[in-house]
1. Are there any pairs, at least 6 apart or on different chains, whose C-beta atoms fall under 6 Å, with the first in region 90-113 and under 15 Å from P80 (Cα atoms) and the second assigned to a strand (DSSP E or B) and hydrophobic (A, V, I, L, M, F, W, C), and if so, which?
2. Going by what's in this entry, would F32 be described as of a type in the set (F, W, Y), within 27 Å of T140 (Cα to Cα) and at pLDDT 90 or above?
3. If you go through region 188-214, how many residues are more than 21 Å from the chain's Cα centre (by Cα) and either of a type in the set (D, E) or assigned to a helix (DSSP H, G or I) (or both)?
4. Can you pull out the residues in region 52-111 that are among the β-branched types (V, I, T) and outside any helix (DSSP H, G or I)?
5. Restricting attention to region 112-139, report how many residues are open to solvent by less than 20 Å² (accessible area, probe 1.4 Å) and outside any helix (DSSP H, G or I).
6. Being of a type outside the set (D, E, K, R), modelled with pLDDT of 90 or more, within 13 Å of the chain's Cα centre (by Cα) and more than 17 Å from F178 (Cα to Cα) narrows it down to one of C114, C65, so name that one.
7. Among the candidates H176, H166, single out the residue that is open to solvent by 70 Å² or more (accessible area, probe 1.4 Å), under 30 Å from L18 (Cβ atoms) and touching a Gly at 6+ places or on another chain (Cβ under 9 Å).
8. Can we say M16 is modelled with pLDDT under 85, within 26 Å of C106 (Cα to Cα) and either touching a Phe, Trp or Tyr at 6+ places or on another chain (Cβ under 8 Å) or open to solvent by less than 50 Å² (accessible area, probe 1.4 Å) (or both)?
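The values are calculated or read from the model by the stated rules, or taken from the named source; none is laboratory data. Since this is a predicted model, take the numbers as computed values, not measurements. Note that each Cβ is placed from the backbone with ideal geometry, even for glycine, and that neighbours are counted across all protein chains shown. These accessible areas exclude ligands, DNA and RNA; they are computed on the full protein's heavy atoms, side chains included. Shrake-Rupley method; radii C 1.70, N 1.55, O 1.52, S 1.80 Å.
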Amino acid sequence: MYHRINDSTVMEFILMGLSSRRDLQIGLFPIFVLIYLFTILGNTGIMFLVYKNARLRTPMYFFICSLSFLDLCYSSDITPKMIVDLFYEKKTISYIGCAVQLFFFCTFGTTECCLFAVMAYDRYVAICNPLNYNIVMRSTTCILLVSGAYTIGFVHSLIEICFTFHLYFCASNILHHFVCDFPPLLSISCTDTSINELILFIFASAITMFSMFIIIPSYVAIFLAILEIKHMKGRKKAFSTCSSHIIAASIFYCTSLFVYLTPKSKASGPSEVIAAVIYTAAIPMVNPIIYSFRNKDIKVSIKTTLQNSKVFF
């Protein structure tokens, strides 16, 4: 539906969704319902364990808990509507709804990108400078680091949203995607989007490179420090605290950079949509699994909590 105010603009957007095939959409419904349920259970479970177990009240688990909260919000911004839209032939989202969804989508995504860098720095201090760990990573420092990640995410999202929704979308109101995102929105604008593409590229590159500048040197130093550990048990324990973070961060960066590092004004192809499904729906579900199975303390806490529950009942 179009509404004219001086220039033509749209009042709603039509989302093409994950597939145009009705049978495939119905088949995808239980899959994404299960993914979202596991996302909720996994991330709330991590937060509950950190809250209930005193042994997990350390900076590392504070950051893991923050990541779980982000993943829960990140997924909840996108997945519920995506699931509901599988039942509708015409999938629409209002102009304001699109802006709000994209604002939170960008805020949580950018914050998570920065949080992975914070978590890498935390592991660097813990392994390479253990004697000063409690001094460097005080509770106030941890809160400031997470707050800084949220601030970067908020500011980045606000700038992107202001520039994107300043455009006129008179060419079309059809988004070849299952979610409001920057590349498909730029592709349907009837005004020049070169500035928007440049801003998107600069921010995506700057935030990613800044994070990588912290993550890569941190883990190079960590691996060198691990190699100097003489006892195999100590070496294995040090590596286990980092491996889960490396796996989670690698999946997140590879999929998100595939979409945003080289923005272009054209409709999203199947590969971009698949990548978006991975970092919006799959990764928030997978992160709790990675941290649960790769972390001894969390496994012990899960076992203890379950045993206590049996005793209680």
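1. These pairs meet every condition: K91/L15; T92/I14; I93/F13; C98/F13.
2. no
3. Final tally of qualifying residues: 6.
4. Passing the criteria: T58, T92, I93.
5. 1
6. C114
7. Among H176, H166, only H176 is open to solvent by 70 Å² or more (accessible area, probe 1.4 Å), under 30 Å from L18 (Cβ atoms) and touching a Gly at 6+ places or on another chain (Cβ under 9 Å).
8. yes
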